[in-house]
Structure formats: structure tokens, C-alpha cells
1. I need a count of the residues in the stretch 209-228 that are in contact with a helix residue (DSSP H, G or I) (Cβ under 9 Å, 6 or more places away or on another chain) and either assigned to a helix (DSSP H, G or I) or surrounded by 12 or more Cβ atoms within 10 Å (Cβ to Cβ) (or both).
2. Do the conditions hold for TYR370, that is, is it assigned to a helix (DSSP H, G or I), in the same structural domain as LEU303 (by the TED database), among the aromatic types (Phe, Trp, Tyr) and open to solvent by 60 Å² or more (accessible area, probe 1.4 Å)?
3. Being more than 52 Å from the chain's Cα centre (by Cα) and modelled with pLDDT of 85 or more: is that true of LYS43 here?
4. I need a count of the residues in the stretch 62-92 that are assigned to a helix (DSSP H, G or I) and more than 20 Å from MET114 (Cα to Cα).
5. Could you grab me the full set of residues in the stretch 308-352 that are closer than 16 Å to ILE368 by Cα and surrounded by fewer than 19 Cβ atoms within 10 Å (Cβ to Cβ)?
6. Is it the case, given these coordinates, that LYS274 is surrounded by fewer than 21 Cβ atoms within 10 Å (Cβ to Cβ) and over 30 Å from ASN199 (Cβ atoms)?
7. If you check SER54 against the conditions, is it free of Cβ contacts under 8 Å to residues at least 60 places away in the same chain, open to solvent by 70 Å² or more (accessible area, probe 1.4 Å) and not in a loop (DSSP other than H, G, I, E, B)?
Amino acid sequence: MLVLFETPAGFALFKVLDEGKLSKVEDLSKEFTTSDSARKVVKLKAFSKFENTSEALSAATLLIDSKPSKGLRKFLKAHCDGETLGVADSKLGNAIKEKLQIECVHNNVVMELMRGLRSQLTELISGLATQDLAPMSLGLSHSLSRYKLKFSPDKVDTMIVQAIGLLDDLDKELNTYAMRVREWYGWHFPELAKIVQDNILYAKAVKLMGDRVNAAKLDFSEILLEEVEAELKEAAMISMGTEVSDLDLENIKDLCSQVLSFSEYRAQLYDYLKSRMNTIAPNLTALVGELVGARLISHGGSLMNLAKQPGSTVQILGAEKALFRALKTKHATPKYGLIYHASLIGQAAPKHKGKIARSLASKASLAIRYDALGDGQDNTMGLENRVKLEVRLRALEGKELGKSAGSAKGKPKIEAYDKDRKKGAGALITPAKVYNLSADAVLGCTNNESVDEPPSQTEVYEEKKKKKKSAEAEDNGIVESEETGMKKEKKKKKHAAADGTEENGEVEKSKKKKRKHSDDDESETTDIKKEKKKKKKKTEE
């Protein structure tokens, strides 16, 4: 049995001399307490030395991925004929078995052997001293870590995360301080807030002016425009503000100095962020801009983490609350997050923002992966994708390529709509349909008789007009006849009602007569019965 052991200097193959001792795993560690006892268990069979650091680094990186290097395969082919090989990694053993057809073993016994070999490595391998092994292992570990992390001082995105966070904090503080200056100085000169809208110009004007009485004597040409300066001086003469002491004005000026210093530092920080973004993520910067790109990196944690995200995640990054709220309430999910502030989405119409956001997110995810994992430092990919997105945006909005909105002189040419004609082309999509006269079948027409020619367009138009007029006349006649019919029906109903009252009277009279006749008949029948009874009595007597 052979054991493969990796060292910073190369690969070593050890031959197990007494395999009977491997049956007791617990006692195996005692065999490696001294170098003499270790030599009785294992013996160095072969050693493959690394030629340089790059070869050692490539072999180590492949071993991390459980893949044998080219030099290791040659080394094993030469020394492992018909032997079982003990390895420290089961996946590496499977790869060696598939490629070299060498039986590999990975179990507790092999791991104990590796542990013992590591403790007595310098004694078992002649020529490998401890003082040489330590710096070799340290250098290899540093090279391996640098290669694995792809470390580069120009690719440190932590600076971007910190810079964009500081920039946002500065914006908040600057806005708070500027509003405090406006509110504080507004007690003395309230009209200035409407005259000067910009916060930085307002702070500069307040710092220069101090008391509003000094406005007429000062020159604001370096800060404000001539029109604004004249308006400021006029307002200062008739201001409704209260008087302020010199001590208060000094404190207000100090606050203005803080606002101006913050604004200067913010401009400096923005330039720094811009340079770092162009260095670390040039393609992402070309697509979405420095601020949006930095916020995406900051939200993702790092450029590498952001590169692992799909385009759909990049699209809604920053809108997680809205997304989960929509999923919970079963409403429409958001179409964009931080990417909404990109200039391309700002140019799109509201109905096209969702489509452009989806396209921009897919291109941005590709640009992020190229920036994170690619070797190039140029932004050609980002610029090409931006041109494609601008073309798509114009196509969505129906604009002609190469022309910006409002650049053409004169009014637009209005053409008649033809569904069979392509836009901007002379050819037809399908040939125009022609009426086939020979397909008509005319009844009662002999061979000598000729078929009448089809009527012209003017005749057809006149016939249509006549038909419309006749139809309108018929409609009017129908309406009039309906009105007259309604009147007649009303009269009939009145007559019928009158007839009905008369008939009801006659029916009542006839009923009364019938009742009288019935009463007479009843009286007659009773008289007849009485007479019969009288006759019977007489006969009996």
C-alpha cells in the first residue's frame, strides 16, 4: 500500500512496510512518536519536487478543487503500478481512479497515517529541513490565498461601500445644516429665502452680508447674478425682519462656514468615488452611473456578491420591503429598485420604465460579472450595451434612429395610412387585391350580349347617398306612422272604455230581468203545488 502526501516542496509517496499494524487504528499514533519507530512503519518510495512557485500554486489550486495536476498524474503512473493508494481527499481519489485506473483508499487508517507522516515529515524525507519547510509553506499559503481571492489593491470595493455611505450621510447633514441656516437667518431677513433658492449660494450670501443693512454696500457679483443681486438689495431696504445682535450674526456665519466646508468635502468625496468606480467597475459605471453603481455594490455587500445575483434580483435590489409586501398581499410586485435612478430609466416614458428597467438590469448583471471576474480594465462592453439600450428605448417610443425629439425643422409630414405598405419603405408587404371581373356570373346573358362594366366610384358614392336619404326618409315615415298609430290606439281605448261601461249597464239590466223572471216562475210553481194539495184534500173528503 502506498500513501500520497502533499508538501510545499512537492508530492511524496510513502510505502507502508507493515500493513498488520494498520489494523489497530488507536495504536497507530504511538508508532510515530519517534523517527526510528516511524521508519519501521513507512518508507519514502518517491518524491516529485516542484520546479518553481507557480507550479506549486497551480498544483495546490487543483488539489483544492479535487483535481490531479499533470505532474501528479505522470508521477503516479510511474510509481503506482498495481498498488493501492491512500489519499487524504475522497474526491481526489475518485478522480485518480477514473483517469489513471489506480485503486484509491480513504478511511480513518489513512488519516492517522497522514497525521503521523506530518509529525515526522522532516525526518522521513531527507534533505527537507524544518527551517526550509516553514517559509515554503508560508509563501505557498500566501500565494494560494491571493490567487483564490483574486486580490488586487485596485479591486478593493470596500472603499466604494464606505465612500457611498459617507456621501449619503453628508447629504443628510448638509441638508439639515442648510435648513437650519435658512430658519435662523430668516428671522432677520425672511425675504432672502425666496430670492436665493440654492442652499450653498444662500450660505455664501449670508456669510458675506452679515447684517442686511450692509447689502447695499457689498458686491455680490461673484456669488449671484445681476438680477438676483438687484432684487436682494431692494428687499434688504424694505425687509420686515427683526434686528439681530452681532453675537448672533457671528454664530450664523460660523454655521454658514460649516455648510460651505461640508459642500467642498462632498465634491471632493464625489470625485474620489467617481475615480474608484471607473477603476473597479468601469462597465457598470458606463451603464448606470457612479452613484447608482456604488449603491448597488453597497447594497449587495461587495462586487463579487453582486456578480452572483441574477438580473431579476439586480432589477429590484433596494425594493425588498415593497416586494415582500406585494407577495404577502397578492398585489403587483415592484418593477425597479435602486436602478430606477439610472439616467436611461429617467429618459423613458412612464409606460416604458418597466421594460427598460428589465433590459438595463440584465445588461448591468453581465457588466458586473465582467468587472468582477474579467481581466480587462476598459468599459467598451458597458458603452456598447448602453448604445443598444438607447436604441431599444427609441424603438419603444417610436422615434426614428439618428434624430432627437424636436430637431427636425417644420411640421411633421402626415401620410395616409395604408396597412399593406411598410413604414418608410416603397414596397408593399402583400400585393394589393384586384377585383376579378371574369369571376362574375351574369344570369340571362347570351354569348352576343356583353357584360355591363362595373360602376365608377362616383356612381357608387351617389347610390350610397341616395340609399342613406331613402333610409332616413323611411325612418321618418316609420316614426310618423308610429306616432299616428299610437294616437289611434289611444282613441280606440277610449271608445272601448265607453262601450265597456254601456255593455256593463246592459248586462246589469239583463241580470235584473232574469232575476224577476226567476222570481215569477218560483211564485207560479208554488201556486200550482198549493192547488194540487187542495185537490187531494177534496178527493180524500
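The values are calculated or read from the model by the stated rules, or taken from the named source; none is laboratory data. Predicted model, so just to flag it, every value in this text is computed and none were measured. Methodologically, a virtual Cβ is constructed for each residue, glycine included, from the backbone with ideal geometry; neighbour enumeration extends over all protein chains shown. Heads up: the accessible areas ignore ligands, DNA and RNA and are worked out on the full protein's heavy atoms, side chains in. Shrake-Rupley method; radii C 1.70, N 1.55, O 1.52, S 1.80 Å.
1. Matching residues across the stretch 209-228 total 13.
2. In short, yes.
3. On the way: more than 52 Å from the chain's Cα centre (by Cα): yes; modelled with pLDDT of 85 or more: yes.
Answer is yes for this residue.
4. Of the stretch 62-92, the ones assigned to a helix (DSSP H, G or I) are 62-64, 70-79, 90-92.
Adding the requirement that they be more than 20 Å from MET114 (Cα to Cα) leaves 70-71, 73-74, 77-78.
Qualifying residue count for the region: 6.
5. Step one: of the stretch 308-352, the residues closer than 16 Å to ILE368 by Cα are 308-317, 338-339, 342.
Result: LYS308, GLN309, PRO310, GLY311, SER312, THR313.
6. Values: surrounded by fewer than 21 Cβ atoms within 10 Å (Cβ to Cβ): yes; over 30 Å from ASN199 (Cβ atoms): no.
In short, no.
7. Here the answer is yes, as SER54 does meet what is asked.
Residue by residue, here is whether (1) assigned by the TED database to the domain that holds ALA60; (2) free of Cβ contacts under 8 Å to residues at least 60 places away in the same chain; (3) surrounded by 13 or more Cβ atoms within 10 Å (Cβ to Cβ) holds:
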residue: GLY82; (1), (2), (3): yes, yes, no
residue: VAL87; (1), (2), (3): yes, no, yes
residue: LEU100; (1), (2), (3): yes, yes, yes
residue: CYS104; (1), (2), (3): yes, yes, yes
residue: VAL110; (1), (2), (3): yes, no, yes
residue: LEU117; (1), (2), (3): yes, no, yes
residue: LEU121; (1), (2), (3): yes, no, yes
residue: LEU133; (1), (2), (3): yes, no, yes
residue: LEU144; (1), (2), (3): yes, no, yes
